[in-house]
């Protein structure tokens with residue numbers, strides 16, 4: 001009799017097998033000794049919770065739960081990060097990964113994490129399971145000299161940059177929290193996450209510089225690595241930059257401009273609304289798809305969302321979810337005073353729906369990534385005969401600026 005089980009790892013042997021599966025999937029060019037050395041030097045963040053899918057007591061698939069907290073409409077909400085998804089090569093195309101991910105969704109739902117996010121190896125694969133693109137970003141590539149138009153001195157600037165000291169992580173986090181509050185889906189970073197994923201990298205030395213204003217208070221930071229690309233060519237890869245005001249941002253861009261002798265290229269990913277392109281005289285900017293998102297529990301998500309103040313409305317929303325069957329339902333959403341009350345709704349007893357969506361479209365609407373009209377044109381949203389429903393949905397679920405670039 002064949003037995004299958006999804007669960008946390010129980011001992012060092014299972015953890016070794018989990019590491020082997022990940023090594024084969026994500027770091028196959030390194031030999032085992034090199035990979036073990038990397039794991040010792042750069043252990044997993046404490047936030048990462050490894051999971052295995054076992055067939056006859058043999059781990060055949062692996063993944064991880066990352067219990068994040070993210071900004072959404074001015075509140076902190078739980079978001080389950082899905083990472084380290086892989087299956088042993090000889091066991092692929094047997095539906096094992098699909099079954100593991102259903103178990104993963106059931107777990108995070110029980111833990112009251114009603115949203116999930118991931119970086120996909122294949123968008124079409126995860127789309128079939130209910131995830132959908134919910135953020136985008138601008139990827140800039142340019143020469144440091146393309147920032148020459150930023151003046152060396154400007155009227156509101158009296159600050160300077162200096163290397164961050166080891167004890168100043170709290171200052172960097174405060175700057176990040178202030179900057180991140182401007183965007184939805186930005187992640188709250190704990191000290192361990194800072195140290196193991198932001199301030200260090202397994203392949204390059206990371207430099208962190210703080211910007212101080214004229215009063216000596218830190219109001220910005222830039223984190224980057226200098227990576228050799230070809231011969232003597234080097235790229236300045238900026239992994240993170242945050243600031244409290246525009247003068248600090250301009251000063252840090254001027255700092256990047258000063259790296260002409262060391263780097264012939266700069267690469268940096270920024271929010272879609274970032275003004276960096278206004279200062280560039282050359283280079284390229286590409287609009288890129290970001291993380292994929294999925295609402296894990298529709299009812300809990302609707303109950304937990306902060307709605308616009310002053311809005312008093314009732315809506316019947318039908319959601320279809322082919323993978324997570326518990327979401328297949330109609331929901332009566334009643335909004336008053338910025339909060340929502342939700343209950344299950346039955347057509348035979350209560351009437352028909354106002355709007356019907358698949359789980360992918362509902363997730364994009366919930367995140368504020370696409371507006372109702374865009375979703376209707378794409379075919380994932382249908383409204384009842386009332387012509388005002390689209391406008392009403394736009395008020396309930398306004399478009400938002402989102403940004404998530406965490407590496408998981």
- Item | Model label zone, residue 110; criterion: amide N under 17 Å from point 7 Å along Cα-to-beta-carbon; scope region 46-72 | 49-54, 63-67
- Task: Can you work out the PRE-style zone for residue 123? Point 7 Å along Cα to Cβ, and I want the residues of region 269-301 with backbone N under 19 Å.
- Result: 269-273, 285-295
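Can you give the helix-only mean residue ellipticity at 222 nm for the chain, where every DSSP H stretch with n ≥ 4 adds -39500 (n - 2.57) and the sum goes over all residues, rounded to the nearest 500 deg cm²/dmol?
On the way: 11 runs with 104 residues, N = 408.
After summing the helix terms and dividing by residue count, I get -7500 deg cm²/dmol.
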- The residues 190, 217, 97, 63, sorted from fewest to most surrounding Cβ atoms within 10 Å, come out as 217, 190, 97, 63
- Item | Relative pair counts by distance (%), Cα atoms of the chain, 10 Å bins | 4, 19, 27, 24, 17, 7, 1, 0
- Difference of contour (0.36 nm per residue) and Cα-Cα distance, residue 306 to residue 278: 6.7 nm
- What is the calculated FRET efficiency for residue 388 to residue 148, with r their C-beta to C-beta distance and R₀ = 30 Å, to the nearest 0.05? 0.05
- Spin-label proximity, residue 286 to region 220-245 - amide N less than 19 Å from point 7 Å beyond Cα toward beta carbon: 227-230, 234-240
- Note on the structure: Using alpha carbon positions and the Kirkwood radius, the Rg to Rh ratio of region 145-248 is 0.98
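Kirkwood Rh over alpha-carbon pairs of region 239-281, then Stokes-Einstein at 10 °C and 1.306 mPa s: what D in µm² s⁻¹, rounded to an integer?
On the way: Rh = 11.5 Å.
D = 138 µm²/s.
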- Could you give the nm distance between label points at residue 195 and residue 58, where each point is 7 Å from its Cα heading toward the beta carbon? 3.9
- Message: On a full-extension model of 0.36 nm per residue, what is the gain between residue 158 and residue 16, subtracting their alpha-carbon distance, rounded to one decimal in nm?
- Response: 45.8 nm
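Percentage of Cα-Cα pair distances in region 236-365 greater than 18 Å, rounded to whole percent? Don't jump to the answer; show the numbers that get you there.
Details: 5640 of 8385 pairs.
Here the long-distance tail beyond 18 Å is 67 percent of all Cα pairs in region 236-365.
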- Extension gain (nm, one decimal) between residue 232 and residue 215, 0.36 nm per residue minus Cα-Cα: 2.1 nm
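Every read-out reported here was derived from the displayed coordinates using simple, explicitly stated rules and does not represent laboratory data. Keep in mind it's a predicted model, so treat the numbers as computed, not measured. Note that we place each Cβ from the backbone using ideal geometry, even for glycine, and neighbour counts take in every protein chain shown.
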